[in-house]
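The values are calculated or read from the model by the stated rules, or taken from the named source; none is laboratory data. Just so it is clear, the model here is predicted, and its values are computed rather than measured. With ideal geometry, Cβ positions are generated from the backbone for all residues, glycine too; neighbour counts draw on all protein chains shown. Side chains included, ligands, DNA and RNA excluded: accessible areas come from the protein's heavy atoms. Shrake-Rupley method; radii C 1.70, N 1.55, O 1.52, S 1.80 Å.
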Amino acid sequence: MPNRPVPRITIKDLARELGMSVATVARAFHEGAAIAAETRALVLSRAAALGYQPNALARGMITRHTRIVGVVVSDLHNPFYPDALARLSEALQQAGCNMMLVTGGGRPGHPKAGGEMAALRLLLSYQPECVIILATTLSSAGAEACAAAGTPLLYLNRFPAAATAASSIVCDNAGGAAALTRHLLDRGARRPAFIGGLEDSSTQAERRSGFLSVCAERGIAPREHPAGAFSYEAGQEAALALLQGPEAPDALLCASDILALGALETARHRLGLRVPEALLVAGFDDIPMAAWPSHALTTLRQPLDAMLRAALDWLEPVLAGLPPAPALIRLPGTLVARGSTAVTTMMLEEQECPTP
């Protein structure tokens with residue numbers, strides 16, 4: 001016969017076992033609640049022995065503090081974001097919060113119609129303390145839904161196109177791209193090209209802006225190719241479009257590392273170009289694969305740890321029931337020079353990019 005599931009111990013069971021009221025037992029699980037230390041210790045000891053766990057959702061409904069932080073994503077094909085999510089989840093757990101992840105569906109550059117709002121409605125039904133937008137764009141309707149629910153909104157690694165009461169924590173994308181562009185030009189590039197990702201992404205727009213500004217200050221005619229997605233395949237296609245024919249670019253600045261890896265391997269293995277002798281390649285993010293010896297990709301390392309610390313600082317008043325002050329926080333990244341831009345693979349140069 002199949003084993004029957006063990007019945008879950010409820011707070012009523014625990015109260016009956018201890019001969020106490022449910023209210024007294026409940027107070028034992030709330031820090032700062034009015035209850036004698038001896039009584040609290042007795043309740044917690046018996047709860048541990050019986051395997052009782054407080055219902056966090058039920059407690060949140062009572063206290064109006066769920067300790068849930070909602071995170072909305074759509075593009076997890078870019079390796080930067082799974083790593084960012086793992087580190088964000090760890091940071092939130094250390095702060096006593098739980099992360100609830102929802103996705104808008106679809107694939108890079110091809111969002112699922114209505115997916116964002118359906119995911120957001122599901123998330124808001126759990127009454128999260130706040131919503132963090134990561135690896136996706138949020139429509140004005142989505143931002144309005146959060147505002148109507150009284151749920152603070154934080155954009156991490158992006159910012160909204162329209163002015164809102166939300167806060168944003170981002171890398172200095174324009175400054176980082178400008179530093180990378182100067183790096184390429186200082187190493188002899190005269191025909192640089194920019195490979196962009198999603199055109200409606202704030203990270204794409206700022207990195208493109210940094211590239212174009214340096215080309216203008218150096219008197220260089222820029223080239224660019226909108227890949228349409230932050231993906232390996234998009235990088236391959238962009239490299240094929242740019243590098244075949246006369247007067248091809250001699251340097252590629254890609255809006256993300258995964259784009260750069262697609263372009264780098266296409267240049268080497270499909271077009272027979274030597275990197276860095278015939279072509280310089282740089283990316284943005286510093287995903288783990290960028291440092292692999294087979295790639296040795298020059299890139300801009302995002303200040304992810306500093307961004308997460310800033311996110312926790314923003315979250316602190318939210319958890320205390322206070323409205324956060326809207327802010328746009330830009331943090332400098334670090335240029336990491338590797339073998340794809342004429343630095344030998346045995347060398348590594350790192351330089352923090354100053355924020356203007």
* Structure fact -> Taking Asp200, Asp286, Asp172 and ranking on accessible area (1.4 Å, protein atoms only), highest first, one gets Asp200, Asp286, Asp172
* **Among 86-94, 229-237, the order from most to least packed when residues are scored by Cβ within 10 Å on average** => 229-237, 86-94
* Count the net charge of all other residues whose Cβ sits under 13 Å from the Cβ of Arg87, scoring Lys and Arg as +1 and Asp and Glu as -1. => -2
* To do: Please work out how much length the chain gains when fully extended from Ser294 to Val22, using 0.36 nm per residue of separation minus the C-alpha to C-alpha distance, in nm with one decimal.
  => 91.7 nm
* Between Ala141 and Ser45, 0.36 nm times their residue separation minus their Cα-Cα distance comes to what? -> 29.7 nm
* For the chain, calculate the relative contact order in percent as a whole number, restricting contacts to Cα pairs under 8 Å that are 6 or more residues apart. => 13 percent
* Structure fact -> Ordering 72-78, 310-316 by per-residue average of other C-beta atoms within 10 angstrom, highest first, gives 72-78, 310-316
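I'd like the FRET efficiency for Ala306 and Thr10, computed as 1/(1 + (r/R0)^6) with the beta carbon distance as r and R0 of 56 Å, rounded to 0.05. Display every interim value, and only then the final one.
Working: r = 44 Å, r/R0 = 0.78.
With a Förster radius of 56 Å, E is 0.80.
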* Tell me what the chain gives for mean residue ellipticity at 222 nm when only DSSP H runs of n ≥ 4 count, each as -39,500 (n - 2.57), the sum divided by the residue total, rounded to 500 deg cm²/dmol. => -12500 deg cm²/dmol
* To do: Report, to the nearest whole %, how much of the accessible area of the range 217-356 belongs to carbon and sulfur atoms, 1.4 Å probe, protein only.
  => 56 percent
* Of Arg16, Arg330, Arg8, Arg190, which has the most accessible area and how do the rest follow, probe 1.4 Å? -> Arg8, Arg16, Arg190, Arg330
* R0 of 56 Å, Cβ-Cβ distance Arg121-Glu247: FRET efficiency to nearest 0.05 -> 0.60
* Structure fact -> Largest-first ranking of Glu17, Glu199, Glu129 by accessible area, probe 1.4 Å, whole protein assembly kept, is Glu199, Glu17, Glu129
* **Most fluctuating residue given options Asp13, Asp186, Asp250, as computed from a GNM of the chain linking Cα atoms under 10 Å** => Asp13
* For the chain: accessible area per residue (Å², 1.4 Å) -> 49 Å²
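Is the range 115-199 best put as rounded, prolate or oblate by its Cα gyration tensor, with a ≥ b ≥ c the root eigenvalues, rounded for a/c under 1.5, and otherwise prolate when a/b is larger than b/c, oblate when not?
prolate
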